[in-house]
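Student: One structure follows; several queries about it will come next.
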Amino acid sequence: MGLRKSSMAPTHPELEAEQAYIDKAYASLEASRAAAVRLKDMVEVGKGGTEQARWEREVIHDNIAQRLQALHVGDASLVFGRIDLEDAAGGDHFYIGRVAVADAEREPLVVDWRAPVAEAFYRATPRAPLGLVRRRHFASRGRTLLGIEDELFGDAAVAAVNGDGPTITGHGALIAALETSRTGRLGDIVGTIQAEQDEIIRSELPGILVVQGGPGTGKTVVALHRAAYLLYTHRFPLEGQGVLVVGPNRLFLGYIEQVLPSLGEAGVELAVLADLVDDVRVQGSDRGLTARVKGDLRMTGVVARAVRDRERALREPLRVGFGLTRLVLTVEDSARIVAEARRRYRLHNPARRFVESQVYEALAASGPEDLQPHTVRDRLHGSLEMREALEWMWPLLTPAELLHDLFGSKALLRNAAAGRLPSDVRRRREARGRRTGEGLSDDEWRSLHRPRSTAADAVIWTTDDVPLLDEARSLLGPRRKGDPLEVRTYGHIVVDEAQDLSPMALRVLGRRSLNGSMTIVGDIAQSTGAWAHDDWDEVIEQLPVKRPPRRAELTVGYRIPAPNMAMAARVLRVAAPDLTPPRSVRQDGDPPRVAAVDEPSRLADAVVDAALQEVDAVGQGSVAVICPLAMVDAISDTFAGRGIEHGRATRHGLDAQITVVPVGLVKGLELDASVVVEPAAIVEDEAQGLRALYVALTRATKRLAVVHARPLPDFLRE
Ligand SMILES: Nc1ncnc2c1ncn2[C@@H]1O[C@H](COP(=O)(O)OP(=O)(O)OP(=O)(O)O)[C@@H](O)[C@H]1O
């Protein structure tokens, strides 16, 4: 492995002195908080004064509130280590902690973990000590220092290093952190960030950074710490531009939302894809061919064609009575107007005014010589025949209306299916030697057809529709005056579990990127669903690449003990043979338990038994029962029938001690123990079932049990 260990010394000679320092740091922190509270009281946000004065007070008030929030460390330890620099580097020492603290004389006592000096704390290795002579890790509970772990740098230390693997720093503190029971919420790792992680966290802001890493290598925590670091380092301009973190589902967002309170203060938005489109209700997702087609890049052509199909010349001339005469809009004139509107306008809706004015002009021209278009407009505007003609030629459309009409009509679908890729998409694909395959096949467009609801507003859309609604919005533009012309963009976007996003979904994110600065994290081996990617190139291709993307890999697994990882690795060998499983930091742990049930009708009971055993083993810890979607009800009912309290991930998040989670929702989550139910069914039922099983087997930090009634897949048998 090449992982270097050193143990935490509980009776370190400097324990008392360091405890005194920590106490002093806490006292200063409290003094700063008290000062901030006093200031807040003084700057009371009142009614008096000018508008300007009120506004200024509010700004100051907000700043103080932010500062107070930043100074709130709760139960977490304030200081987690110290670095001593060699004489040549100044000979100073710095304490590294959660927030910066200074004493009454403004002398710094603790340096914020994101500050440049703190980098050496995470990155120094015996081979590259970065000017350090010593690094010290503190193990503490709240304010109490329990132990100190020292690493010395210098010639002697270099000689002791062997192997090529990554060096683990602060091994004792790391293992202590990893062994803490999981609460159903991800915690921060500021005290024990490892060098390969730190490099990603502090990587420069511009451009796209893709992070590949196996389960439990810290992709999610690292991506979130990176967001916190970037906001600290580039507060201007990032705070103004905004930072967006996108996760796969709400369960996952709930799981990560408390990792770093500083992200909340800085206004980082956590979102699932559906949150990025307005005015629609989204629930559930599509499966099979429909899901595949909706995520396909060819849908750009289909949506573009669907919009064009709604821009039509009249089939018959329009004749309208006007006093004693009749005005006429010829078919040719209507065709000319539509062609001209298309030529002049990039977006559909804003062109409607142009079309209207041209129509009135043509009608006026067909009447007496002095007839003015505005006179015609004033008289005819709102009449049924004019409304019908304009609706036919150039209807104002919301994205929901466009897609509702499209999916509800085989004729419209068939037409739109012939849409070619838009030229920019085609060019990009050609440049990469990719297929620019044209329209959809009959089966493909038929898979999109569905019965119409009464009104577009009443439709409940699926997550797979979201990118199509967004695509439509990007072509239609604002429907009403005052609707924003462009979507909200962000100075940095973090995308977690990015390996599952379809090309169309990636376009949604690309559109929201202000300048192409993104952190994309995921694991190709865990890629499931209709758009499981086999390499990151396919993902990058859909993003706004302004400079060569950077790639990083996380190779050390922090979550999964080696014996459990060994079982998961057997699945990986068939699910993604080219990928190597992460190397577990934790070599200890019980081997996974496998329980076979002879009688399928006894399966749910056996699952409940296994879950209870796990609860016994993990004490206060959390247990997930991970099963195929179709078994959730039966298993949940069996728990209820036996009077055992449990939660269902879809309803209660991970708040209960035992939670029943369908395998499709478990990605990204972590618990102390998991019971994986019926691997053969998981493999069969899910798109990319092998990878889904790999995900299921890699959720537990401590214990893993497998319960099955059907034979285990070959690769899992001993
Ligand atoms: N340097 C570290 N110090 C302490 N804990 C760590 C460290 N790195 C990762 N962890 C812990 O390891 C666990 C796995 O991290 P995380 O969930 O971010 O992994 P992941 O790569 O996103 O996993 P998955 O692919 O399964 O989603 C978390 O509990 C995290 O806190």
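Student: Can you tell me which condition residue 185 does not meet? The list is (1) under 22 Å from residue 695 (Cβ atoms); (2) surrounded by fewer than 20 Cβ atoms within 10 Å (Cβ to Cβ); (3) within 9 Å of the ligand (Cβ to nearest atom), and all the others hold.
Tutor: (3)
Student: If you don't mind, there's one more thing I want to ask. Based on this model, can you work out whether residue 191 counts as within 11 Å of the ligand (Cβ to nearest atom), among the small types (Gly, Ala, Ser) and modelled with pLDDT of 80 or more?
Tutor: Working: within 11 Å of the ligand (Cβ to nearest atom): yes; among the small types (Gly, Ala, Ser): yes; modelled with pLDDT of 80 or more: yes.
It is true that residue 191 is within 11 Å of the ligand (Cβ to nearest atom), among the small types (Gly, Ala, Ser) and modelled with pLDDT of 80 or more.
Student: Hey, does the stretch 78-95 have a residue that's small (Gly, Ala, Ser), in contact with a Phe, Trp or Tyr (Cβ under 7 Å, 6 or more places away or on another chain) and assigned by TED's automatic domain parsing to the domain that holds residue 149? Steps first, answer last, please.
Tutor: Pass one, the stretch 78-95, residues small (Gly, Ala, Ser): 81, 88-91.
Subsequent filtering for residues that are in contact with a Phe, Trp or Tyr (Cβ under 7 Å, 6 or more places away or on another chain) retains 81.
Now restrict to residues that are assigned by TED's automatic domain parsing to the domain that holds residue 149: 81.
Within the stretch 78-95 (the criterion being small (Gly, Ala, Ser), in contact with a Phe, Trp or Tyr (Cβ under 7 Å, 6 or more places away or on another chain) and assigned by TED's automatic domain parsing to the domain that holds residue 149), the answer is yes, since at least one residue qualifies.
Student: Scan the stretch 59-78 for residues that are assigned to a helix (DSSP H, G or I) and either of a type outside the set (Lys, Arg) or loosely packed, with under 14 Cβ neighbours inside 10 Å (or both) and report the count. Break it down stepwise before answering.
Tutor: Within the stretch 59-78, the subset assigned to a helix (DSSP H, G or I) is 59-70.
Now drop any that are not either of a type outside the set (Lys, Arg) or loosely packed, with under 14 Cβ neighbours inside 10 Å (or both), which leaves 59-66, 68-70.
Count: 11.
Student: Just checking, how many residues over the stretch 588-610 are closer than 30 Å to residue 197 by Cα and surrounded by 12 or more Cβ atoms within 10 Å (Cβ to Cβ)?
Tutor: Step one: of the stretch 588-610, the residues closer than 30 Å to residue 197 by Cα are 588-592.
Now drop any that are not surrounded by 12 or more Cβ atoms within 10 Å (Cβ to Cβ), which leaves 589-592.
The qualifying residues number 4.
Student: Right, another one. Out of the residues in the stretch 95-114 meeting the condition of being among the hydrophobic types (A, V, I, L, M, F, W, C) and in contact (Cβ under 8 Å) with a residue 24 or more places away in the chain, tell me which one is surrounded by the fewest Cβ atoms within 10 Å (Cβ to Cβ).
Tutor: From the stretch 95-114, those among the hydrophobic types (A, V, I, L, M, F, W, C) are 96, 99-102, 104, 109-111, 113; that's our starting set.
Right, trim to in contact (Cβ under 8 Å) with a residue 24 or more places away in the chain and you get 96, 99, 101-102, 104, 109-110, 113.
Values: 96: 26, 99: 20, 101: 25, 102: 15, 104: 10, 109: 21, 110: 25, 113: 26.
Out of the qualifying residues, it is 104.
Student: Report, ordered by the first and then the second residue, all pairs with beta carbons closer than 6 Å, sequence separation of six or more or different chains, a first member in the stretch 512-523 that is touching a residue at least 60 places away in the same chain (Cβ under 8 Å) and buried (at least 20 other Cβ atoms within 10 Å of the Cβ), and a second member that is assigned to a strand (DSSP E or B) and among the hydrophobic types (A, V, I, L, M, F, W, C).
Tutor: Pairs that qualify, where the first residue is touching a residue at least 60 places away in the same chain (Cβ under 8 Å) and buried (at least 20 other Cβ atoms within 10 Å of the Cβ) and the partner is assigned to a strand (DSSP E or B) and among the hydrophobic types (A, V, I, L, M, F, W, C), are 518/208; 518/493; 519/209; 519/494; 520/210; 520/495; 521/211.
Student: If the requirement is being surrounded by fewer than 21 Cβ atoms within 10 Å (Cβ to Cβ) and modelled with pLDDT under 90, which of these qualifies: 242, 267? Don't jump to the end; show me each part of the working.
Tutor: Values: 242 fails: modelled with pLDDT under 90.
None of the others qualify; the one that does is 267.
Student: Now, a different point. Is there a residue being over 31 Å from the mean Cα position of the chain (by Cα) and among the basic types (Lys, Arg) anywhere in the stretch 638-647?
Tutor: Yes - at least one qualifying residue is present in the stretch 638-647.
Student: Please indicate, with yes or no, whether at least one residue in the stretch 194-208 is out of contact with any Ser or Thr (no Cβ under 7 Å at 6 or more places or on another chain), near the ligand (Cβ under 8 Å from one of its atoms) and of a type outside the set (D, E, K, R).
Tutor: Yes, some residue in the stretch 194-208 is out of contact with any Ser or Thr (no Cβ under 7 Å at 6 or more places or on another chain), near the ligand (Cβ under 8 Å from one of its atoms) and of a type outside the set (D, E, K, R).
Student: Can you spot a residue in the stretch 418-425 that is without any contact (Cβ under 8 Å) to a residue 60 or more places away in the chain and under 27 Å from the mean Cα position of the chain (by Cα)?
Tutor: yes
Student: Using the structure shown, decide if residue 321 is farther than 26 Å from residue 346 by Cβ, touching a residue at least 24 places away in the same chain (Cβ under 8 Å) and not in a helix (DSSP H, G or I). First the steps, then the outcome.
Tutor: Numbers: farther than 26 Å from residue 346 by Cβ: yes; touching a residue at least 24 places away in the same chain (Cβ under 8 Å): no; not in a helix (DSSP H, G or I): yes.
No, not satisfied.
Student: Continuing with the same structure: Being in the same structural domain as residue 680 (by TED's automatic domain parsing), among the aliphatic types (A, V, I, L, M) and crowded, with 19+ Cβ neighbours inside 10 Å is the requirement here; does residue 576 meet it? Can you show your working first?
Tutor: Values: in the same structural domain as residue 680 (by TED's automatic domain parsing): yes; among the aliphatic types (A, V, I, L, M): yes; crowded, with 19+ Cβ neighbours inside 10 Å: yes.
Spelling it out, residue 576 is indeed in the same structural domain as residue 680 (by TED's automatic domain parsing), among the aliphatic types (A, V, I, L, M) and crowded, with 19+ Cβ neighbours inside 10 Å.
Student: Filter the stretch 664-705 for residues that are of a type in the set (Asp, Glu) and over 19 Å from residue 213 (Cα atoms) and give the result.
Tutor: Going through the stretch 664-705, the residues of a type in the set (Asp, Glu) turn out to be 670, 672, 678, 684-686.
672, 678, 684, 685, 686, listed by residue number.
Student: State yes or no: is residue 157 part of a helix (DSSP H, G or I), within 11 Å of the ligand (Cβ to nearest atom) and at pLDDT below 90? If you could, list the steps in order and put the result at the bottom.
Tutor: Working: part of a helix (DSSP H, G or I): yes; within 11 Å of the ligand (Cβ to nearest atom): no; at pLDDT below 90: yes.
So residue 157 does not fit the description; no.
Student: Hey, does the stretch 606-615 have a residue that's closer than 20 Å to residue 663 by Cβ, of a type in the set (A, V, I, L, M, F, W, C) and out of contact with any strand residue (DSSP E or B) (no Cβ under 9 Å at 6 or more places or on another chain)?
Tutor: Checked against the condition, which is being closer than 20 Å to residue 663 by Cβ, of a type in the set (A, V, I, L, M, F, W, C) and out of contact with any strand residue (DSSP E or B) (no Cβ under 9 Å at 6 or more places or on another chain), the stretch 606-615 yields no hits at all.
Student: Collect the residues in the stretch 194-233 that are touching a helix residue (DSSP H, G or I) at 6+ places or on another chain (Cβ under 8 Å) and acidic (Asp, Glu), keeping them in residue-number order.
Tutor: Those that are touching a helix residue (DSSP H, G or I) at 6+ places or on another chain (Cβ under 8 Å) and acidic (Asp, Glu): 198, 199.
Student: Of a type in the set (A, V, I, L, M, F, W, C) and more than 27 Å from residue 541 (Cβ to Cβ): which single residue out of 396, 403 fits that description?
Tutor: Unique residue meeting the criteria: 396.
Student: Of the residues that sit in the stretch 494-514 and are within 16 Å of the ligand (Cβ to nearest atom) and not aliphatic (A, V, I, L, M), which one is nearest to residue 267 (Cα to Cα)?
Tutor: Within the stretch 494-514, the first condition is being within 16 Å of the ligand (Cβ to nearest atom), and the residues that meet it are 494-501.
So of that shortlist, the ones also not aliphatic (A, V, I, L, M) come out as 496-497, 499-500.
On the way: 496: 18, 497: 22, 499: 26, 500: 26 Å.
Top of the filtered list is 496.
Student: Right, something else. Hey, among the residues in the stretch 613-643 that are assigned to a helix (DSSP H, G or I) and of a type in the set (D, E, K, R), which one's surrounded by the most Cβ atoms within 10 Å (Cβ to Cβ)? Before the answer, list the steps.
Tutor: Within the stretch 613-643, the first condition is being assigned to a helix (DSSP H, G or I), and the residues that meet it are 613-618, 629-641.
Still in the running and of a type in the set (D, E, K, R): 614, 616, 633, 637.
Numbers: 614: 27, 616: 9, 633: 12, 637: 11.
Of everything passing the filter in the stretch 613-643, 614 is surrounded by the most Cβ atoms within 10 Å (Cβ to Cβ).
Student: Test residue 376 against the criterion of being part of a helix (DSSP H, G or I) and touching a strand residue (DSSP E or B) at 6+ places or on another chain (Cβ under 9 Å), and give yes or no. Quick ask: steps written out before the conclusion?
Tutor: Working: part of a helix (DSSP H, G or I): yes; touching a strand residue (DSSP E or B) at 6+ places or on another chain (Cβ under 9 Å): yes.
Yes: the conditions hold for residue 376.
Student: Which residues, counting only those in the stretch 215-232, are out of contact with any Ser or Thr (no Cβ under 7 Å at 6 or more places or on another chain), within 30 Å of residue 624 (Cα to Cα) and more than 7 Å from the ligand (Cβ to nearest atom)?
Tutor: Within the stretch 215-232, 224, 225, 227 qualify.
The values are calculated or read from the model by the stated rules, or taken from the named source; none is laboratory data. Quick caveat, the model's predicted, so the values are computed rather than measured. Because the Cβ atoms are built from the backbone with ideal geometry, glycine has one as well, and the counts that use them run over all protein chains shown.
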